[in-house]
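Where a number appears in this text, it was derived from the coordinates with a stated rule and is not lab data. Source: prediction; values computed, not measured. FYI the Cβ positions are ideal-geometry reconstructions off the backbone, even for glycines, and counts take in every protein chain you see.
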Amino acid sequence: MYPPAASYNGFDIEALSGICGSISIACWVVVFSPQIIENFRRSSADGLSVEFVIIWLAGDVFNILGSVLQGVLPTMIILAIYYTLADIVLLGQCFYYRGFTLRDPRPEKNNAIDDSEPTEESPLLQEAGSLRPGHVEVGIAKPLTAADADRSRTRSASSFRERLASLDPTHFSPVTPLHPQHHDVTTTDVIKPSQPRSWLQAILFNSTAIVMVIAAGVAGYYLSPSAPESSSSDGKTEADSQASTLHFNLLGQIFGYVCAVLYLGSRIPQLLLNYRRQSTDGLNALFFLFACIGNLTYVLSIFAFEPICKARQVYGKYILINLSWLVGSLGTLFLDAGVFVQFFLTASTWEALSYIATTTKSDARDRDHFLTQCSDGTLDDVTVIVDRAPASFAQAGKFDSTLVNALPASVGYICHNGAGYDSIDIAACSARGIQVSNCPNVVEDATADAAIFLILATLRGFNNGILAIRHGEWKSAVPPPPLGHDPQGKVLGVLGMGGIGRNLKRKAECFDMQVIYHNRNQLSKHEADGARYVSFDELLAQSDVLSLNLPLNAKTRNIISTAEFNKMKSGIIIVNTARGGVLDEDALVQALDSGRVLSVGLDVYQQEPNLHPGLLRNPHVCLLPHMGTSTVETKTKMEELTLANARTAVEQGRLVTLVAEQQAEQSGSHHL
């Protein structure tokens, strides 16, 4: 298939073709090894599509048949046989670890929770081995131990069927280790593993492997013995000899195109499996990277051909003979590149964390059980706690001083998956030397959007209209719902001009609202961006709409109460998307009943999920169930930031977004 080529303008095309072909051979020799080792290391082949392997195996079988019939080089026939054997090994691993099945698992529909509609308790970042998100309330990370690093290779004495029947579904949980944790290993039996590779080390390692394979291919070309120049005894010229090698074999071509179709089709199941799982966990990137390099250099080696005479005619025939191999290789090159891109698009932060620490999930039934686990050694060696409030409240409750003081001495970090962190006793944590992180910044857009919704709903009286429709009173209600007010020209007072407050200011100005604000400290001219700073009393007196955007702490609890309502304009509108504790609800209900406050928009409450009866009965109150950050995009960002904090804690002994109080302690300043 590869007749001798010549030089073109001093450029050795034959050498280029030979080098590319040699590199391609080197890549295809090692391409299967990373994935076979990956499956063996994990004792799992869940990341690999069995349909992909089966179709690829069929393609390789037709590759052998087409190669033999078309008369390609012996090395290519040998490689085709090698591919087939390697496919059989991969398929054997799939059957060994997953049971005899010819279909990939499809996501199961959970009757209780629709996977297509994530909830507050659904982790949006998946982890190793999970086919769908599980419930992670309190995630725990500890440094890798030798027991964690040990991957048992032995098979049980039970039958293959029994092994399949005994598979534990808990291993599909996002934070359950894929392998058994050997609790019976004594201290003297433990051998400390080497430090896990960082991302930089992993990149350097993989790059080195690629360079070495390419170098081996280049060396293989130059070190292989050159074919002796044939002296034509039958009177044939080199051109005649070249032309004689270019012939069509019908059956070989048919098998070649069948092979191409199978190669192209084989990647589709793997792409779909990765998409359904939203993960490439269980796949080795080098597997597909070597496949990309192998196909690219294979294609280049075919194109690098120079006819001796009748260039256009001979080259066209040459390409047609090799077209099926070109289509198959080019097509799979792009599809393999697509799989490789999925490694970046579906990168799981939980997966990344599992490479540097043992991640597990607390199985505590309630707070008392969690406190027991803190004292009985169950949580010993835990260094980082990932707190997924409010879901974690059912297991551990608030991280008050009682719980914080009961935590094992090894705990040094609590990574809270929320912007507000009033559920954590920061003073108690600081006294224990425990650093706490939260999720600022990433919630700004979603929370400000919710505030804008509540501002418009309360100004326009939309809640009254919604209630009239639901009660069947549209156009017949007596008296009719009162007229609302336009936001244009109204004064919006922002109490707490942090990130959310500034975001809200920009959005409110789109409705031509005038923004004033009060902070404990006046912002710089750049940060204020046109918003006018006023005193606290001036804010209360001048605002048509008052938005609460400040954190809850001892100094801000009930910061808006009866005295403050008496300083406000009659008919003011209050919006609270911060924390329920900053607003005295008893005083608020009295102000509503008296008419001092015209309308209220609330997303947070003092005793969630219990609401004040006076708020529930008042049609001028627009209520949301604490859903200011409840979007897929924002929750995903929150989880990513939370786990970035956990990773940094494990690797560097610090947190990315340390809470404001502890930042102030470190800098020696004071925090409100």
Work out how much length Gln652 to Gln522 would gain on full extension: take 0.36 nm times their residue separation and subtract the Cα-Cα distance, in nm to one decimal.
-> 43.3 nm
What net charge do the residues around Lys637 carry, taking every other residue with its C-beta under 12 Å from that of Lys637, with Lys and Arg at +1 and Asp and Glu at -1?
-> -4
Quick one: grab the alpha carbon gyration tensor of the range 401-518, order the square roots of its eigenvalues as a ≥ b ≥ c, and give me rounded if a/c is under 1.5, else prolate or oblate depending on whether a/b is larger than b/c.
-> prolate
Expected sort for 32-42, 288-298 on mean C-beta neighbours within 10 Å, highest first, is 288-298, 32-42
Please name whichever of Leu540, Tyr605, Gln663 sits farthest to the positive end of the charge dipole of the range 532-672, dipole taken about the Cα centre and charges placed at Cβ: Lys and Arg +1, Asp and Glu -1.
-> Leu540
In the structure shown, do any of Lys475/Lys635; Lys398/Lys525; Lys398/Lys507; Lys569/Lys635; Lys507/Lys637 have a Cα-Cα gap over 32 Å, and if so which?
-> Lys475/Lys635; Lys398/Lys525; Lys398/Lys507; Lys569/Lys635
At a Förster distance of 30 Å, what's the computed FRET efficiency of Ala409 paired with Gln542, Cβ-Cβ distance as r, to 0.05?
-> 0.05
Across the range 508-519, in residue order, what do the Karplus-derived ³J(HN,Hα) couplings come to in whole Hz, using 6.51 cos²θ - 1.76 cosθ + 1.60 with θ = phi - 60° and x for Gly and Pro?
-> 5, 5, 5, 9, 6, 8, 8, 10, 10, 8, 9, 10
Amide hydrogen neighbours beyond the local backbone of Lys490, cut-off 5 Å, H modeled | Gln514
Phe32 neighbourhood, Cβ < 14 Å, K/R = +1, D/E = -1, net charge -4
Amide N of the range 550-566 lying under 12 Å from the label point, which is placed 7 angstrom from the Cα of Leu623 along Cα→Cβ | none
